[in-house]
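The values are calculated or read from the model by the stated rules, or taken from the named source; none is laboratory data. Keep in mind the model is a prediction, meaning the values are calculated, not measured. Cβ sites come from the backbone with ideal geometry, for glycine too, and all protein chains shown count toward neighbours. These area figures cover heavy atoms from the full protein model, side chains too; ligands, DNA and RNA do not enter into them. Shrake-Rupley method; radii C 1.70, N 1.55, O 1.52, S 1.80 Å.
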Amino acid sequence: FGTMPDLLLIAVVIAGLIFDFRLALFCSLLAGVFKDSFGLNAFGINTLIFALWSFLIAQVSRRLSINTNFRRMALIFIVALIHNLLNGLSLAFFGKFIPLGIFLRILFISSIYTALAMPAVFRITELSLKIKDE
């Protein structure tokens, strides 16, 4: 359907779950600048939203145990859904309107793809961190 998983958003969520807050914030800011450099939104939108996600994930992970793939997938689905909604609204705010059908397709299918890709990316990240520690 012309959508794909948002690997940078997955990276931000994984950083928020694994790293301490400062490193997670740095990673999210770096990912946001990278996405803003190649995206359609006004520069800084993704940087701001990714930093906000980093903060919110740190707060949520302190209160809830997010240690299973199902919970991680649920978290990334909710984050991706809200993130795609905010991106669509920011595009509309800046005068770049997307037809409703395309917007809804991006909103839901991309969020589902992102949630389904999360366990594989998390496993790869987890393995690479274990190799680095050895």
Student exercise, segment 1-75 dipole from Lys, Arg, Asp, Glu Cβ charges, in Debye to nearest 20: 280 debye
Environment charge of Pro5, counting only residues whose C-beta is closer than 15 Å and scoring Lys/Arg +1, Asp/Glu -1: +3
Per residue accessible area in Å² of the chain, where ligands, DNA and RNA are left out and the probe is 1.4 Å: 61 Å²
Listed residues Thr68, Thr114, Thr47, most fluctuating in the chain (Gaussian network, C-alpha, under 10 Å): Thr68
Debye, to nearest 20: dipole size of the chain, +1 on Lys, Arg Cβ, -1 on Asp, Glu Cβ: 220 debye
Cα convex hull of the chain - mean projected area over all directions, nm²: 8.2 nm²
Rounded percent of accessible protein surface that carbon and sulfur make up, segment 17-134, 1.4 Å probe: 73 percent
